[in-house]
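Participant: Structure in structure tokens, see below.
The values are calculated or read from the model by the stated rules, or taken from the named source; none is laboratory data. Given the structure is predicted, the values throughout are model-derived calculations rather than measurements. Counting neighbours? That spans all protein chains shown, and the Cβs are built from the backbone with ideal geometry, glycine included. Only protein heavy atoms, including side chains, enter the accessible area calculation; ligands, DNA and RNA are left aside. Shrake-Rupley method; radii C 1.70, N 1.55, O 1.52, S 1.80 Å.
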Amino acid sequence: VPVGVLAYWMLRGTSTTLPTASIVGPVLHTVSYGLAAAALATAMAVPVAVLAVRRRTRLGMLLDRVAHLAQGLPGIVIGLTLVYFALRYLPFAYQSSGLVVVAYALLFLPLALVGVRAAFMGASPKSEEAARSLGARPAKVLWRVTLPAIAPGLAASFALVFLASVTELTATLLLRPTGVETLATQFWYYTSKLAYGAAAPYAAVMLVVAGIPTFLLGRRLDAQSGLS
């Protein structure tokens, strides 16, 4: 139904036709922000999962619970918090692309933690113990043994965060650099003016961009079901 409605507005909408020239910039911004946020959130989730699952320390459990609190916060709360923090302590970071990426990573860190925690819980610690018994340092064990073993979980976490990031709107409206638009902000701009024909192409491209990680996650789940 959503695809059919988008096709209808692109074909029958009278506001505009497909703005091929203006859609390139939002696509590049959307994809680059999503990739950077997915990489940052996944990297942040790894040490938290190590402390919470492998080491089972109090600090790890505390960080794990605190990270999940972000899932209950609206994007506008995270956005306003980062705006205040940047204006007060890091003025050079205000309205920068880096601040947008940090906001995405904080918002969707719980999604990354779900995949990374599951990967750690499913990977046997025996290989890590064997590597440590041979004299390997913890950092080397993590890099050479643990991360390759949990690579599918890391990929799933990366895809989840990317999928959520490319459709995020509220924090993006507050934090994006001046003149920078994403697919979500352009879609919001045109729909707020009731220009559905102009908004439809942005929504269609957003579906295509979000469909890539969705397809990869589906393939991963199918593979897991086949193995089980």
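Participant: Counting only protein heavy atoms and using a 1.4 Å probe, what share of the accessible area of the chain belongs to carbon plus sulfur, as a whole percent? Before the final figure, lay out the partial values.
Facilitator: On the way: 8820 of 12850 Å².
That fraction is 69 percent.
Participant: Show Phe108, Phe85, Phe120 ordered by accessible area, largest first, where the area counts protein heavy atoms only and the probe is 1.4 Å. Don't jump to the answer; show the numbers that get you there.
Facilitator: Values: Phe108 30, Phe85 100, Phe120 0 Å².
Descending order: Phe85, Phe108, Phe120.
Participant: Would you mind putting 163-174, 46-57 in packing order, based on average other-beta-carbon counts within 10 Å, highest first? All intermediate terms of the calculation are to be shown ahead of the outcome.
Facilitator: Values: 163-174: 21.7, 46-57: 17.7.
The densest-packed peptide leads the list: 163-174, 46-57.
Participant: What is the mean projected area of the alpha carbon convex hull for the stretch 129-228, to one decimal in square nanometres?
Facilitator: Details: hull surface 40.2 nm².
The number I arrive at for the stretch 129-228 is 10.0 nm².
Participant: Right, something else. Please give the per residue volume of the convex hull enclosing the alpha carbon atoms of the stretch 101-141, rounded to a whole number of Å³.
Facilitator: On the way: hull volume 2.8 nm³, N = 41.
For the stretch 101-141, the hull spanned by Cα atoms encloses 69 Å³ per residue.
Participant: Counting only Cα, what are the radius of gyration and maximum Cα-Cα distance Dmax of the chain, in Å?
Facilitator: Gyration radius and largest Cα-Cα distance of the chain: 20.4, 70 Å.
Participant: Helix 97-122: angle to the longest alpha-carbon principal axis of the chain, degrees 0 to 90, nearest 10?
Facilitator: That works out to roughly 40 degrees.
Participant: Shifting gears a bit: What size of dipole, in debye to the nearest 20, comes out for the chain about its Cα centre when the only charges are +1 on Lys and Arg C-beta atoms and -1 on Asp and Glu C-beta atoms? Spell out each step's value before the answer.
Facilitator: Working: 17 positive and 6 negative charges, 150 e Å.
Here the chain has a charge dipole of around 720 debye.
Participant: Quick one: compute the contact order of the chain, relative version, from alpha carbon pairs under 8 angstrom and 6+ residues apart, as a percent.
Facilitator: Details: 281 pairs, mean separation 75.6, N = 228.
33 percent.
Participant: Could you state the number of Å between the C-alpha centres of the stretch 98-116 and the stretch 120-155?
Facilitator: 23
Participant: Another one. Mind checking Rg over Rh on the stretch 2-110, alpha carbons, Kirkwood formula for Rh? Please report the intermediate quantities before stating the final value.
Facilitator: Values: Rg = 19.0 Å, Rh = 16.8 Å.
Dividing the radius of gyration by the Kirkwood radius yields 1.13.
Participant: Sorted by accessible area with a 1.4 angstrom probe, largest first, how do Leu99, Leu194 fall? Write out the running numbers ahead of the final one.
Facilitator: Details: Leu99 20, Leu194 120 Å².
Order by accessible area, largest first: Leu194, Leu99.
Participant: Add -39500 (n - 2.57) for each DSSP H run of 4 or more in the chain, then divide by its residues: what number comes out at 222 nm, to the nearest 500 deg cm²/dmol? Spell out each step's value before the answer.
Facilitator: Details: 11 runs with 169 residues, N = 228.
After summing the helix terms and dividing by the residues of the chain, the value is -24500 deg cm²/dmol.
Participant: Could you tell me the ratio Rg/Rh of the stretch 48-110? Both radii from Cα atoms, Rh via Kirkwood.
Facilitator: Details: Rg = 13.9 Å, Rh = 12.8 Å.
Radius of gyration relative to Kirkwood radius: 1.08.
Participant: So, R0 is 35 Å and r is the distance between the beta-carbons of Arg88 and Ile212; what FRET efficiency does that work out to, to 0.05?
Facilitator: Plugging the Cβ-Cβ distance into 1/(1 + (r/R0)^6) gives 0.35.
Participant: Which Cα, out of Ala204, Ala156, Ala184, lies furthest along the positive dipole direction of the chain (beta carbon charges, K/R +1, D/E -1)?
Facilitator: Going by the charge dipole, the pick is Ala156.
Participant: If I take R0 = 22 Å and measure r between the Cβ atoms of Arg56 and Val77 in this structure, what FRET efficiency does the formula 1/(1 + (r/R0)^6) give, to the nearest 0.05? Please report the intermediate quantities before stating the final value.
Facilitator: On the way: r = 31 Å, r/R0 = 1.40.
Rounded to the nearest 0.05, the efficiency is 0.10.
Participant: What accessible area, in Å² to the nearest ten, does a 1.4 Å probe give for Val208?
Facilitator: 100
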